[in-house]
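The structure appears below as structure tokens.
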Amino acid sequence: MLTTMLATAKRNYYIAKRVFPWSFIVQRIVIGLYTVLFSYFIYHYMFRGYLDSRFETYTGSSDYITYTILGVSLYTFAVSTLMNVGRSLMNELREGTLEALLLSPCSRKGYFLGNLIEQVGRSFLEFFVVLIVGWLLGAKLLNIKIEQLIIVLILSIFSFFSMGVSLATVMLRTRDTYITQNTLFIIVSLVCGISYPIQYLPTWLQVISHVLPLTHVLELFRKVVIFGDLLWHHWILIIKLVALSLMYLLFGFWWLSRVEKQLIEKTFG
Amino acid sequence: MLIANNLCKVYQLKERKGLFGPKTLKEIMAVNDVSLEIKPGQIIGLLGINGAGKTTTIKMLSALLEPTSGSFSINGIDGIRYPQEIKRIVNVITGGERNIYWRLTARENLEYFASLYNLPRHKLNDSIDELLELVDLKEAADMPVERYSKGMKQRLQIARGLVNDPKFLFLDEPTLGLDVAIAKELRNHVRHLAEKRNKGILLTTHYITEAEELCDWIYVIDKGCIIATGTPSELAYSTKMNTNILVSIPELTSGVKKEIYEIAKVHQAKIEFQENTTDVSVSISAQENLTGQLAHILTSNGLPILHLKIIEPRLEDALIQLSYGGDSIERNISNCESRSYKATS
Ligand SMILES: Nc1ncnc2c1ncn2[C@@H]1O[C@H](COP(=O)(O)OP(=O)(O)OP(=O)(O)O)[C@@H](O)[C@H]1O
Ligand SMILES: [Mg+2]
């Protein structure tokens, strides 16, 4: 598994060095910034800084700008990881290399992990660009405890990776990246509490919020950044998050082995 | 040794009439009761027309596709139960330009694929250099593959197929689209791999000369069934096609003519005489090669042979006869009805 992981990371690094995926990176940063600015303008000019009283009840804070900016930056990070991991196998299919991959006894875990670690740096870059612009717009980020933040980010990577594996399987199954990814991202941006608390949503939609790990990661992230909380105070949340992510991960791999077989059955010549 | 017993593959194809019509399930028997054997160092041909089931057979033997029924084993490893083990010791090379990363260089490609087989690092670099040398890509080794010509990509494919030093190698139309010189070079590689490296090779090809030149043994597959097997020459003769002899002599006496008629009668040969201005040409066509007997008649009568041409039956003709049928051919399909197409709603 380790060999496959390192080799895949190295391979992606070579490819990225030759054709740097600028367009995707810029696209995600621009969408992130656009969302941040949009919330900023609505808040300041439409609502004139007025917040529904429920907001404070739901979030325990009245700092809407920081709330949104944390949401959007982590969302950008999630989308970036999901796209890179999720599209990996479909790219192999499109480039005609999937069969060679399936022909080898290589470990799928290693393969996905390789895809993950190669792009982590770029995903962080996108994350921090959005965060810094948010800071310039007035988000309060300076009382972050670094070691707590690092743990949250590690948990985020784990949970986005797990979702990515499931997403990769869905994409391979539907043989589509475009519709699948955009549907997912719209749902995620609506129900995961990116720029408003999920309690505003009807209860049935909140059910979806709760099965998406991003909702929980985001909650944890805000607890740490806005309130400077210590993580172990939220161990139940962490267990929920890890368990949920693990489910995505295991389900993704289990389903992938079936989808791979179907795919070969359906490939002619 | 590779042993396959009674392999069958049924594909299920869902089809819909129109946009909202009812779905029907069509079953296609792509491979029907195929048994074959490959020993190390042997080159085995699997020949057949388009859609005969060659690629499907190779996919099953490389543990990519699960057979519907039947079994196979490679060096004693059960292919159905231990597909991962099989994948370690076989590899497939297909024609065309797929299965390599165009944005990587040849060396990076080989490094990557070698890592997928978990090869130890110190062995890796040496063997990659060796492979690049073998397929003559040493100079272009550090150039991205997208700048390669078709032939270069194809050669890189071959190196990719050898990256795990497989014991058995399946070549699915490996010379597709290559020019004559490169195809010839490739055939030399293949022979080298079998003879010097003791690899068992299964080759499918649409170029009959290739099979004639390389294969020790051939299986002819049609509609999923093995319909004939043998060495290339056995197969060529087995279809009861005639050997033609064309000979020209300065003159023809009636005595000689009579003697020729006699052997023709015994062997049920067809004879034609043609008197030209300077010589006489005789053509004899029979299932057996009558050259020796004819030469004997001519020389014992003191007639010099001005020109002699022997046209032996070719594998290509045999294959066409076998696959497309012919009244005079008994097809070995007693246990194998023609491919079944079943449709159920
Ligand atoms: N995935 C699939 N689903 C349904 N039918 C298939 C599938 N793949 C192949 N077939 C059918 O099975 C039969 C055998 O196909 P196969 O690709 O093995 O032939 P082949 O001998 O390799 O032909 P060619 O010389 O054209 O490469 C054909 O009738 C083909 O249409
Ligand atoms: Mg084929």
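Against the empirical curve 2.2 N^0.38 Å, the C-alpha radius of gyration of region A:2-268 lands at a ratio of 1.04.
Classified by the C-alpha gyration tensor, region A:96-221 has an oblate form. Its axis ratio a/c, with a ≥ b ≥ c, is 1.5 or above, and a/b does not exceed b/c.
Out of every Cα-Cα pair that the protein assembly as shown contains, those further apart than 37 angstrom amount to 52 percent.
In the calculated pair-distance distribution of region B:214-323, the portion above 25 angstrom amounts to 35 percent of the Cα-Cα pairs.
In straight-distance terms, cross-link reach from B:Lys257 covers every one of the aspartates and glutamates whose alpha-carbon lies under 19 Å from its own, apart from those fewer than eight places away in the same chain; here that gives B:Glu272, B:Glu275, B:Asp279. Placing unit charges on the Cβ atoms only, positive for Lys and Arg and negative for Asp and Glu, gives region B:50-116 a dipole magnitude near 100 debye about its Cα centre.
When a 1.4 Å probe is rolled over the protein heavy atoms, the share of accessible surface on region A:1-156 that falls to carbon and sulfur comes to 69 percent. Among A:Lys140, A:Lys109, A:Lys17, the largest mean-square fluctuation in a Gaussian network model of chain A, built with springs joining Cα atoms closer than 10 Å, belongs to A:Lys17. Tell me, which residues of region A:102-118 get at least 50 Å² less accessible area when the other protein chains come in, versus the chain alone (1.4 Å probe)? Checking the loss per residue gives A:Leu103, A:Pro105.
For the pair region B:172-188 / region A:57-118, the C-alpha centres are spaced 42 Å from each other. Of the residues A:Thr3, A:Leu220, B:Leu25, the one whose Cα sits farthest towards the positive end of the charge dipole of the protein assembly as shown is A:Leu220 (charges of +1 on Lys and Arg Cβ, -1 on Asp and Glu Cβ, taken about the Cα centre).
Summing both sides, the accessible surface hidden between A and B at a 1.4 Å probe radius is close to 2900 Å².
When only Cα pairs below 8 angstrom with a gap of at least 6 residues are kept, chain B shows a relative contact order of 21 percent. Can you list the lysines whose alpha carbon sits under 17 Å from that of A:Lys240, skipping same-chain ones fewer than 8 residues off? In chain and number order, the partners are A:Lys223. Calculated [222 nm] ellipticity per residue, helices only, for chain B: -10000 deg cm²/dmol; basis is -39500 (n - 2.57) per DSSP H run with n ≥ 4, divided by all residues, nearest 500. For chain B, the dipole from Cβ point charges (+1 on Lys and Arg, -1 on Asp and Glu) about the Cα centre works out to 1460 debye, to the nearest 20.
I need the shape label for region A:1-108. Rule: rounded when a/c is under 1.5, else prolate if a/b > b/c, else oblate, with a, b, c from the alpha carbon gyration tensor. Can you show the working numbers first?
Working: a/c = 3.89, a/b = 2.67, b/c = 1.46.
Prolate shape, in that a/c is at least 1.5 and a/b is the bigger ratio.
Past the 19 Å Cα-Cα mark, which pairs from B:Lys153/B:Lys184; B:Lys184/B:Lys309; A:Lys10/A:Lys261; B:Lys59/B:Lys153; A:Lys17/B:Lys138; B:Lys87/B:Lys196? Present the calculation step by step, with values, prior to reporting the outcome.
Working: B:Lys153/B:Lys184 16 Å; B:Lys184/B:Lys309 26 Å; A:Lys10/A:Lys261 27 Å; B:Lys59/B:Lys153 22 Å; A:Lys17/B:Lys138 23 Å; B:Lys87/B:Lys196 22 Å.
From B:Lys153/B:Lys184; B:Lys184/B:Lys309; A:Lys10/A:Lys261; B:Lys59/B:Lys153; A:Lys17/B:Lys138; B:Lys87/B:Lys196, over 19 Å: B:Lys184/B:Lys309; A:Lys10/A:Lys261; B:Lys59/B:Lys153; A:Lys17/B:Lys138; B:Lys87/B:Lys196.
For region B:210-276, which GluC sites (Glu not before Pro) are both in a DSSP coil and crowded by at most 15 other Cβ atoms within 10 Å?
B:Glu251
Projecting the Cα atoms of A:Leu167, B:Thr277, A:Phe128 onto the charge dipole of the protein assembly as shown (Cβ charges, centred on the Cα centre) puts A:Phe128 farthest toward the positive pole.
Work out the charge dipole of the protein assembly as shown with +1 on the Cβ of Lys and Arg and -1 on the Cβ of Asp and Glu about the Cα centre, then indicate which of A:Ser23, A:Trp232, A:Leu98 is farthest towards its positive end. Farthest towards the positive pole: A:Trp232.
Panel note: contact residues of region A:1-22 (accessible area lowered by at least 20 Å² against the chain on its own; 1.4 Å probe) correspond to A:Thr3, A:Thr4, A:Ala7, A:Lys10, A:Arg11, A:Tyr14, A:Ile15, A:Arg18, A:Val19.
What helices does chain B hold that run 18 Å or longer along their axis, going by alpha-carbon atoms, with a Kyte-Doolittle average of -0.5 or more, using DSSP H for the helix calls? Membrane-span-like by this rule: B:180-195, B:254-267. Residues of region B:113-151 whose accessible area, computed with a 1.4 Å probe over protein heavy atoms, drops by at least 30 Å² once all protein chains are present relative to their chain alone are B:Ser115, B:Leu116, B:Tyr117, B:Asn118.
I need to check one value: relative contact order of region A:2-268, counting alpha carbon pairs closer than 8 Å and at least 6 residues apart, in percent. Walk me through the intermediate numbers first.
Values: 285 pairs, mean separation 70.5, N = 267.
Worked out over region A:2-268, it gives 26 percent.
About the Cα centre, and with charges only on the beta carbon of Lys, Arg (+1) and Asp, Glu (-1), how big is the dipole of region A:2-268? Nearest 20 debye, please.
Working: 22 positive and 14 negative charges, 90 e Å.
So the dipole magnitude of region A:2-268 works out to roughly 440 debye.
Measuring nothing but protein heavy atoms, the accessible surface of region B:59-118 at 1.4 Å probe radius is 46 percent carbon and sulfur.
The values are calculated or read from the model by the stated rules, or taken from the named source; none is laboratory data. Small disclaimer: the values here were computed from a predicted structure and weren't measured. Cβ: placed from backbone, ideal geometry, glycine included. Neighbour counts: every protein chain shown. Just the protein is used for accessible areas: all its heavy atoms, side chains included, with ligands, DNA and RNA removed. Shrake-Rupley method; radii C 1.70, N 1.55, O 1.52, S 1.80 Å.
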